[in-house]
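Here's the structure we're looking at; comments come further down.
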């Protein structure tokens, strides 16, 4: 991938990956959804799934920020059925993210979205990517509530930094724990200052702090884009 | 544990100060959650937090306090100067007294300048090296801390790629790497900045290998590079006349701060005669840099260090403390070893590379009122007495028993 061009479109990719992260989380929780894996396309467009559904970068960012934007209508001429399914999946992701009645589910989905966006910055940030050069053996375990570990964030030779569901066999080097679903939810929505939350004991960190520090820097970059 | 007042202050701080607290004790530093956010008062080797909990201190204001909090000799000197004032349009003659004392005390020094923080003068020193040699590159050890400026700070925010364009790094004690760099950048390196020994955060301290400093001196001489000693953290704790004396070498420039004023903000850079002209070419000023209180404190602190052989004293106290602490830990089957010089020990638990166990140890000790930092080297103050060390050992035993029960 052309790094210069990607750097310019990092925000779009981060947002698209966040949406995809929400989808992955919902799938892992048993929701039936059509694949919406994102792709950056030429001419400042972003596509979802194998349907041909695509948005302009601008329209997509507008959608994520809470507005509504039309996908490019030409998408529907190629495979109208699949396109419609993808649109329904996207709408489902959006509705779960915004339904705060099921706080644990919403918190997990939103946090996963934020983590996936963070990983995009960790993998592709041209200027700061090298601060992770010596961290390829690091693994951050993320949990909500005491000893309720949900994800591991680590480096893979193929694919770079990834977020995967927690596995006890995976050796972690740092831990980040949201003390409640409410804290996780607020944090995922960008309504909680993470540093203050750590000072207030709402978020607990332990282990290799420099890696959490680096992760936190990228997470804040991602958060600025998403919220 | 009651931390309500501390928490209330932190709540207020969060509204008016980015991140609540910044620097060494910012929340992002990952300190144990039972550490206090704010201090109320301190005396000798103890302090009380805002919730009136008393702590035995092993951080000494992150090294700024060598003779103990509110040392009477130093406070008296400051009180005397307080009758006259601190900041004027011109410096106080105390500036000359302090420069003369440093030159008398530090063997290679023939001039001195003053500022407020270590960073002020480590950055200034590398510019002096560039002015003197007409070269651009500076070499430092990977992971070494030399201050808050963009060429060396450990943060990421606001950094641009050109900030470190002329900074090269080698691994501490790896003389071959240093040689390779000087060959690769032959004729382009202005200077080498190093601490007396390697004291990175989050890792065990590393003393220089035999011949390390002699090799460094030889490489600098051969390549016409200025050797800058960053003695900000160690100054006064290894040798009363500069840490280079402890390790047996001679730098071209040395920067001091922290213990120099025993808690009053001051830093100094001293240098060889042949660097005097370059030193006068590199701009140097700050609104409060002529602060006479800090200079009075520094003169009293330096005098006290010589009279009471303080460096030797803190090394002996640190040795006693470290060996007893290791013994108490080993009795509980915890393979704790204290790394670095005894006056500035950093604890390391074998096999605990990610620090989970050390963090837990420090958290349990904090419950007993011991201020043990899990990520930064500790500092022994000369006010640490036998009573405090004995009390510390009892508290550590208690903490370890509780820790074992929980595990």
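Quick rundown of the values:
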item: R0 of 51 Å, Cβ-Cβ distance residue A:191-residue B:386: FRET efficiency to nearest 0.05; result: 0.45
item: Alpha carbon centroid spacing (whole Å) that separates the range B:76-147 from the range A:31-56; result: 60
item: Cα Rg, Dmax, the range B:72-307, angstrom units; result: 17.7, 57
item: Volume in Å³ per residue [convex hull over Cα atoms, computed for the range B:192-349]; result: 138
item: Candidates A:107, A:184, A:59: whichever shows maximal mean-square fluctuation once chain A is modelled as a Gaussian network with Cα springs under 10 Å; result: A:59
item: C-alpha center-to-center spacing [the range B:322-342, the range A:109-137] in angstrom; result: 38
item: Per-pair calculated FRET efficiency, R0 = 22 Å: residue A:103 and residue A:146 via Cβ, rounded to 0.05; result: 0.80
item: Contour excess over end-to-end distance, with Cα ends at residue A:27 and residue A:136 and 0.36 nm allotted per residue; result: 36.4 nm
item: Crossing angle, helix B:356-367 versus chain B [Cα axis fit, 0-90 degrees, rounded to tens]; result: 60
item: Rh by Kirkwood over Cα pairs, then Stokes-Einstein D for chain A at 0.692 mPa s and 37 °C, µm²/s; result: 183
item: Part-to-part distance (alpha-carbon centres) for the range B:345-390 and the range A:163-184, which is given in Å; result: 27
item: Proxy reagent accessibility, fewest Cβ within 10 Å first, across A:103, B:400, A:33; result: A:103, A:33, B:400
item: Over chain B: Rg over Rh, Cα atoms, Kirkwood Rh; result: 0.96
item: For A:177, B:179, B:273, order by how many other beta-carbon atoms lie within 10 Å, fewest first; result: B:273, B:179, A:177
item: Estimated inter-spin distance, residue A:95 and residue B:179, nm [label 7 Å along Cα→Cβ]; result: 7.1
item: Top of B:150, B:77, B:64 by mean-square fluctuation, Gaussian network on chain B, Cα under 10 Å; result: B:150
item: Residue mean of other protein chain beta carbons inside 10 Å, B:20-29; result: 4
item: Degrees, to the nearest 10: B:94-105 long Cα axis against longest axis of chain B; result: 90
item: Calculated [θ] (222 nm, deg cm²/dmol) that DSSP helices of n ≥ 4 give over chain B, each run adding -39,500 (n - 2.57); result: -12000 deg cm²/dmol
item: Per-residue [θ]222 nm for chain A (sum of -39500 (n - 2.57) over DSSP H runs n ≥ 4, rounded to 500); result: -15500 deg cm²/dmol
item: Angle in degrees between helix B:72-82 and the longest Cα principal axis of chain B, rounded to the nearest 10; result: 60
item: Relative contact order of chain A, pairs being alpha-carbon contacts under 8 Å that are 6 or more residues apart, as %; result: 20
item: Burial ordering of A:158, B:78, B:314, fewest other beta-carbon atoms within 10 Å first; result: A:158, B:78, B:314
item: Principal semi-axes in Å for the protein assembly as shown [√(5λ), Cα gyration tensor, largest first]; result: 49, 30, 22
item: Residue B:306-residue B:8 pseudo-label distance in nm [points 7 Å out on the Cα-to-Cβ vector]; result: 4.9
item: Chain lengthening between residue B:285 and residue B:103 when straightened (0.36 nm per residue, less Cα-Cα); result: 63.4 nm
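All of the numbers you see were taken from the coordinates with simple rules; none came from a lab. Quick caveat: nothing in here was measured; it's all calculated off a predicted structure. Neighbour counts are summed over all protein chains in view; Cβ atoms, including those assigned to glycine, are modelled from backbone coordinates with ideal geometry.
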